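The values are calculated or read from the model by the stated rules, or taken from the named source; none is laboratory data. A quick note: this is a predicted structure, and the numbers were derived from the prediction, not measured. For neighbour counting, all protein chains shown are included, and Cβ atoms are generated from backbone atoms with ideal geometry for every residue, glycine included.
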Amino acid sequence: MATVICLTKAYNLGDFDTWLSYHLSCIDRIIILDNESEVDVKSVCEGRPGVEYHFIKGWPDQWHLFNDILNQKTDIKFQKDEIVAFLDDDEYLLYHTNNITIIDPSLSFVERLNKEKEKMRDAILEQFNMLDCMLLPEILMAPQHCPEGRAHVVPLNAQYAVLQKSSQGKAFIRWQPDTEYDFCKEGPEIGHVPWINGIRMSDVAGSGVSKTTYGLQPIPWPFKDHRGSEKGCRIFLLHYHIKSIADWKKKIERGSAASKNEPGHNGSYDDDIKKDPKYHWNKPWFSKTTDLMFMPNLHIKIEAINEYRSKQLLEGASLEKQKKKLAKKDL
């Protein structure tokens, strides 16, 4: 089973709904920790199979909260070998495929979802080697030119990547009982990758081993070596870090879940987006020649699951009407 846990303080319901809809197409279990969001996150989560909703009041002290969750000190429980990852609601986990099962007409929609989830689990497990922790370096995404505001939801407004040789990433943990997990030990880059039984070491997707929260960005699959053999990594983590100037100001205003700063500040981020070290642009990552099929797949999956959800809501409303009619007849 693959589980994604998302601690969110959402202010754009369209963004959150899109993120949730996409990950429901490929992740078995999604746990939402709603930290007093400005929008009604609960309404988007309710009644959706595979989603668990929890409300978090006040400053969440993120890394200690994640420790408690992994160490089974909350009501969130895991099974042995369950894959657990903590992702933000502006981070999209994708895998490369030549066959988009979710639109296969020969299968029922539930069968399609199960196939997609199986593919994602296999793609994640491929990246584990000797360790029970895998680091997936993120790829920062941004619009071509940073606008004042935006009309489109993420990821439709930010389709350009800041490519780097190495970047910070997120940990995917193959959870084990009787194991101590700690994101808070003293050392470089607190958070993101836990110390497991006192040791911080993770397999890096597509490359070697890391003792920090950084790793080489994965080489996209299919990459052909000098012998013509296909190699590379099938999974990627796209972080929609920069969306607009208005979004950046909102990020600063709401503060950090990980460090208790003065109001109006957000950890290591610069108040002025143009002074932030990560503020720079690159050429489009998704060129006509490589494409990687990620953006088309991402959009297709979101559309498919939203269409199915709309159908369910209509069928539910119709069933409710029928029940009311029957109730009136009984009277």
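Could you give me the residue pairs with C-beta distances under 8 Å whose first residue belongs to segment 137-151 and is in contact (Cβ under 8 Å) with a residue 24 or more places away in the chain, whose second residue is in a loop (DSSP other than H, G, I, E, B) and charged (D, E, K, R) wherever it lies, and which are 6+ apart or on separate chains?
LEU140/LYS278; ALA142/LYS243; PRO143/ARG150; PRO143/LYS243; ARG150/LYS243
In segment 177-215, which residues are touching a residue at least 60 places away in the same chain (Cβ under 8 Å) and of a type in the set (S, T, N, Q)? Walk me through it before giving the result.
In the first step, residues of segment 177-215 are kept if they are touching a residue at least 60 places away in the same chain (Cβ under 8 Å); the result is 177, 180-184, 190-191, 193-194, 196, 201-206, 209-210, 213-215.
Correct list: SER202, SER210, THR213.
Restricting attention to segment 149-169, and to residues there that are among the hydroxyl-bearing types (Ser, Thr, Tyr) and modelled with pLDDT of 80 or more, which single residue is nearest to THR213 (Cα to Cα)? Working first, answer last.
Initially, segment 149-169 is screened for residues among the hydroxyl-bearing types (Ser, Thr, Tyr), giving 160, 166-167.
Next cut, modelled with pLDDT of 80 or more only: 166-167.
Working: SER166: 10, SER167: 8 Å.
For segment 149-169, the residue satisfying everything is SER167.
Are any residues in segment 120-148 modelled with pLDDT of 90 or more and either touching a helix residue (DSSP H, G or I) at 6+ places or on another chain (Cβ under 9 Å) or farther than 24 Å from PHE172 by Cβ (or both), and if so, which ones?
MET134, LEU136
Out of the residues in segment 185-210 that are within 23 Å of LEU7 (Cα to Cα) and small (Gly, Ala, Ser), which is nearest to the chain's Cα centre (by Cα)?
Looking at residues that are within 23 Å of LEU7 (Cα to Cα) and small (Gly, Ala, Ser), I get GLY191.
Restricting to segment 219-229, count the residues that are outside any strand (DSSP E or B) and either touching a strand residue (DSSP E or B) at 6+ places or on another chain (Cβ under 7 Å) or at pLDDT 95 or above (or both). Explain how you work it out, then say what you get.
The first filter runs over segment 219-229 and keeps only residues outside any strand (DSSP E or B), leaving 219, 221-222, 225-229.
Next cut, either touching a strand residue (DSSP E or B) at 6+ places or on another chain (Cβ under 7 Å) or at pLDDT 95 or above (or both) only: 219, 221-222, 225.
Residues flagged as outside any strand (DSSP E or B) and either touching a strand residue (DSSP E or B) at 6+ places or on another chain (Cβ under 7 Å) or at pLDDT 95 or above (or both) within segment 219-229 amount to 4.
Out of everything in segment 179-214 that is modelled with pLDDT of 95 or more and among the acidic types (Asp, Glu), what residue ends up being farthest from ASP81 (Cα to Cα)?
The residue in question is ASP182.
Out of segment 4-21, which residues are under 14 Å from TYR53 (Cβ atoms) and of a type in the set (A, V, I, L, M, F, W, C)?
So the first thing to find is which residues in segment 4-21 are under 14 Å from TYR53 (Cβ atoms), and the list is 4-8, 10, 16-17, 20.
The answer is VAL4, ILE5, CYS6, LEU7, ALA10, PHE16, LEU20.
What pairs can you find where one residue is in segment 162-176 and closer than 15 Å to VAL4 by Cα, the other is crowded, with 21+ Cβ neighbours inside 10 Å and among the aromatic types (Phe, Trp, Tyr), and their Cβ atoms are less than 7 Å apart, with a gap of 6+ or different chains?
LYS170/PHE86
Determine, yes or no, whether LYS117 is among the charged types (D, E, K, R) and not in a strand (DSSP E or B).
Values: among the charged types (D, E, K, R): yes; not in a strand (DSSP E or B): yes.
The answer is yes for LYS117.
Suppose the filter is in contact with a helix residue (DSSP H, G or I) (Cβ under 9 Å, 6 or more places away or on another chain), touching a residue at least 24 places away in the same chain (Cβ under 8 Å) and hydroxyl-bearing (Ser, Thr, Tyr); does SER25 pass it? Give the steps one after another, and end with the answer.
Values: in contact with a helix residue (DSSP H, G or I) (Cβ under 9 Å, 6 or more places away or on another chain): yes; touching a residue at least 24 places away in the same chain (Cβ under 8 Å): yes; hydroxyl-bearing (Ser, Thr, Tyr): yes.
Judged against the criteria, SER25 is a match.
Can you tell me how many residues in segment 51-77 are in contact with a helix residue (DSSP H, G or I) (Cβ under 6 Å, 6 or more places away or on another chain) and in contact (Cβ under 8 Å) with a residue 24 or more places away in the chain?
So the first thing to find is which residues in segment 51-77 are in contact with a helix residue (DSSP H, G or I) (Cβ under 6 Å, 6 or more places away or on another chain), and the list is 51, 53, 74, 76.
Checking which are in contact (Cβ under 8 Å) with a residue 24 or more places away in the chain leaves us with 51, 76.
Number of matching residues: 2.
Checking ALA205 against (1) out of contact with any helix residue (DSSP H, G or I) (no Cβ under 8 Å at 6 or more places or on another chain); (2) farther than 26 Å from SER21 by Cβ; (3) of a type in the set (Gly, Ala, Ser), which single condition isn't satisfied?
All conditions pass for ALA205, except number (2).
Looking at segment 64-82 only, could you name the residues that are of a type in the set (A, V, I, L, M, F, W, C) and surrounded by fewer than 19 Cβ atoms within 10 Å (Cβ to Cβ)?
As a first pass, look at segment 64-82 and keep what is of a type in the set (A, V, I, L, M, F, W, C): 65-66, 69-70, 76, 78.
ILE76, PHE78 - these are the residues of segment 64-82 that are of a type in the set (A, V, I, L, M, F, W, C) and surrounded by fewer than 19 Cβ atoms within 10 Å (Cβ to Cβ).
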